[in-house]
1. Hey, with R₀ at 35 Å, roughly what FRET efficiency would residue B:129 and residue A:333 work out to, going by the Cβ-Cβ distance, to 0.05?
2. Can you check how the C-alpha radius of gyration of the range A:202-242 compares to 2.2 N^0.38 Å, as a plain ratio?
3. At a Förster distance of 60 Å, what's the computed FRET efficiency of residue A:303 paired with residue B:62, Cβ-Cβ distance as r, to 0.05?
4. Roughly how large, in nm² to one decimal, is the mean projection of the convex hull of the alpha-carbon atoms in the range A:294-390?
5. Please list, in order along the range B:253-269, the HN-Hα scalar couplings obtained from phi with the Karplus expression 6.51 cos²θ - 1.76 cosθ + 1.60 (θ = phi - 60°), rounded to whole Hz, x for Gly and Pro.
6. Bin all alpha-carbon pair distances of the range B:101-294 at 5 Å intervals from 0 and give each bin's fraction as a whole percent.
7. Set the Förster radius R0 to 35 Å, insert the Cβ-Cβ distance between residue A:290 and residue B:389 as r into 1/(1 + (r/R0)^6), and round the FRET efficiency to 0.05.
8. Contour minus end-to-end for residue B:425 and residue B:401, with contour as 0.36 nm per residue of separation and end-to-end as the Cα-Cα distance?
Amino acid sequence: MTDAPEETPRAEETPPVSTDETGSPAPVKSAGHPTSVPEAGEHHPQPVESPDEPEFLRSDAVEDDQADDSDFSWLDSDLPPDEDEDAPRSSAVARDRPLPEVSDDAGFRLREEARREDQSVAAAPKLPWLQRLREALGRSSSNLTGSITSIFTKRRLDDDVLQDFEDVLIQADLGVETAMRITDRLSEGRYGKEISGSEVKRVLAEEIEKTLDPVAQPLELDLDKVPHVILVVGVNGTGKTTTIGKLAAKLTRAGISVTLAAGDTFRAAAVEQLKIWGERTNSEVVARQIGADAAGLAFDAYDVAVKNKSDVLIIDTAGRLQNKAELMAELEKIIRVLQKRDPDSPHTVLQTLDATTGQNAMNQVDIFRNVAGVNGLVMTKLDGTARGGILVAIGSKHKLPVYFVGVGEGIDDLEPFKAKDFANAIAGIEAERQGAAAS
Amino acid sequence: MFDSLQDRLGSILNGLTGRGALSEKDVSAALREVRRALLEADVALEVVREFTERVRAKAVGAEVLKSIKPGQMVVKIVHDELIETLGSEGVSIDLNAPAPVTLMMVGLQGSGKTTTTGKIAKRLKDKQRKKVLMASLDTRRPAAQEQLKVLGEQTQVDTLPIIAGQGPVEIAVRAEQAARLGGYDVVILDTAGRTHIDEPLMVEMANIKVRTKPHEILLVADSLTGQDAVNLARSFDERVGVTGIVLTRVDGDGRGGAALSMRAVTGKPIKLIGVGEKMDALEDFHPSRIADRILGMGDIVSLVEKAAENIDAEKAAAMAKKMQAGKFDLNDLADQIRQMQTMGGMGGMMGLMPGMGKMKDQMASAGLDDKMLKRQLAIIGSMTPKERSQPDILKHSRKKRIAAGSGTNSAEINKLLKMHRQMADLMKTMGKKGKGGMMKQMMGGLAGKMGMGGLGGGMPGGMGGMPDLSKMDPKQIEAMAKAMQQGGGAPGMPNMPPGIGGPGGLPGLPGSGGGVPGLPGLPGKKK
């Protein structure tokens, strides 16, 4: 599960951290889904076992939060994200076709049971993502790097220097708390000593990577039962529809069939926007008129996906601010309704986060996670100067996998998230890495 | 998540005697917290630095009034400075040019340009009786032009017919022509979202500007933006020279520090704020509200306005009458609980309340949430009409029946009744006091947006609701300080109605009586 071109020559610059980026052990889904025997009869609504699922999730998450607020042991530990363990019966159908092969750098993979062991196909070492992200982040981190280097050309590490360092991190939107944490790490054992700019960069990258490495995971699709339902949620204007378009392109290219559901029944022309993406990716788009009930649409879309024998159903939703109770309730309803078709669905709830968003992104994840059971993130708009440093804080608190980053408006501008690259880009370790990556 | 700045400063500065002038040392200690509060509110670091220096200059040596804590003094200075930086109110869109006046909207992707375009068009059409033409120059995002067209249909504003294959500059020129020929007063150009480092697109934007000579160039920016706000505002301003800023998503629960950042680096006024998804959710900018928010003092005014929007005016008027007569029965209580639910429940309201951050968590851990409201409604719903209008007749056997009917127990019923009684008492006293001015004020407030004045309902002596620190005189601050000591409550909400526990209740909602109901049995904030 390692990227061939990634492997080797980074040793000089980086500390002996795990080099395994994409393949940190996959979150163990409950062993083998004992009860998930696909059923013959396709759709008859199942008696839903726990209609209160969101409630249950909520109480879970509250505990989580409390633990995390005070405790910063995350810096050292990498917990796997929580996974649900029950596997009730569902109306999902068994897949009756051979599974497509997915190259390793696709940013998603099929779940182990379904996956064919075929890794001989070395992924073509195309690096647009690396270059583009580094370019993008490089622009911003050149500031950052500049300031770090100027601070640390050769100075003794005292309070003033640490303060400056903290400021630099804050400017990358890491947030005061996280910035202080990392600053503390930096001062540990080094306080009062002379320190050079490159060492600071290294420590910074190390710390960021340590936090993000456990969350940099590929999106896992379980195609034993199809359709695999992906619900995409997020605040207005964070790039849900665009991300869906790009993701659909990625999946269809890999031979995975996709049905799209235009669940944004509020915003003007959102349906048309998704339809255009459907045309581009040859995917059927299930849509209703504006103002229609999104939950009902999701319900129908599930049937269409089953009828089409689609592998994946991606459901768009209207953007909503997390503090609008009634809109969040609507989201709960969509999930409730989907669970009537398949108690496991939505298998993946993706939340899009805008890289330009500041500390509020934390709140966004908090609430969307509690209400909609978000279990994966996509950070969009990393092609600007925004650094998306809030991801470090979110990664440490929620440990939600980050599947992709959006780095542009083009159909290919959705790249797998790689902790090391992200960390290095923020820390400004560029030139050395670029050479390494290219070889 | 965030404590209010005032709480924090309190804990730092409480140790000081607080007599005489603020010393250099006091100020430095305070400013560290101010800095942090601003950073947590996403104010850009460079802006924070300048800002704290200005505050330092003003604060050192400032007289601290007797019985005011130094922390409060610092908060006032910070608050005033924030408002000054954010700029004066009421800079509206300037249409003072020969028709057709061209407005150009610019900004990042997803900042809300198209929605804002629709909102501004509707506002100009409805409020200023302008004939408006909208044109989308966004040829990049799928269906963007379609989106504006649909918005035009919704708001009954004309949009430029879409011609496929035209570039943004061509469309802009065509829009100009169409506006001139069609006798339009205003033409709004909605450009594609672009990152400010995307050179070709920035050049394109500059070209559009050269060709159309817009009278106003509005930068549309997300109020949730982080540290990057300075970069983007500066870049857009340098490239095309924006004339004003429109902040969107101000109805979110972000602290809105981006407003300060962008205003500080560009010096351009924030002209409008977007406060919702509907087409009329566009408001004038009020610096003091954003200032309160940045400082974590909540947004009382917005809360009140939200209340005013959601409360049925007729019901409220009836309620006010009842209150005047000193009557407040369980039917009224049920009404109020329902109103609370429509306002987004407890969570939504708490989010807007100052100093309620902690309480929110406490409440959540104590299991006090919107379910409680439901339960209370169930209790009231299980009563006979007679019981609702005369709660006094409720004796043991009736309570037992109600408990069975509502799935609760008599303790919960008693709690509800106690809350009701306390509220009723409060209504009575208010009814007496308020015969003249206050009642009128409250009633008047219902018609339009509530001002500060109407908030006075629950407050003794008719003091303003959420104290606008900048306008308060020292005496009021003193009173506030005292009240805070007594109640340990949120700032500015002294002597809240009982039954709402320690931390100061919600302010009197306009016309619905003092203190919002439905917070019975809140655990008093443990001090």
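Throughout, read-outs are computed from the coordinates displayed, never taken from laboratory work. Predicted model, so just to flag it, every value in this text is computed and none were measured. Please note: Cβ atoms are built from the backbone with ideal geometry, for glycine as well, and neighbour counts cover all protein chains shown.
1. Numbers: r = 41 Å, r/R0 = 1.18.
Computed FRET efficiency for residue B:129 and residue A:333: 0.25.
2. Details: Rg = 15.9 Å, N = 41, 2.2 N^0.38 = 9.0 Å.
Cα-based Rg divided by the globular estimate yields 1.76.
3. Numbers: r = 69 Å, r/R0 = 1.15.
It comes out at approximately 0.30.
4. Details: hull surface 26.9 nm².
Convex hull of Cα atoms, orientation-averaged projection: 6.7 nm².
5. For the range B:253-269, the Karplus curve yields 9, x, 8, x, x, 4, 4, 5, 4, 5, 5, 5, 7, 9, x, 8, x Hz.
6. In order of increasing distance, the bins hold 1, 8, 18, 22, 21, 16, 10, 3, 1, 0 percent.
7. Numbers: r = 45 Å, r/R0 = 1.28.
Calculated value: 0.20.
8. Values: separation 24, 0.36 × 24 = 8.64 nm, distance 2.65 nm.
Going from the current span to full extension adds 6.0 nm.
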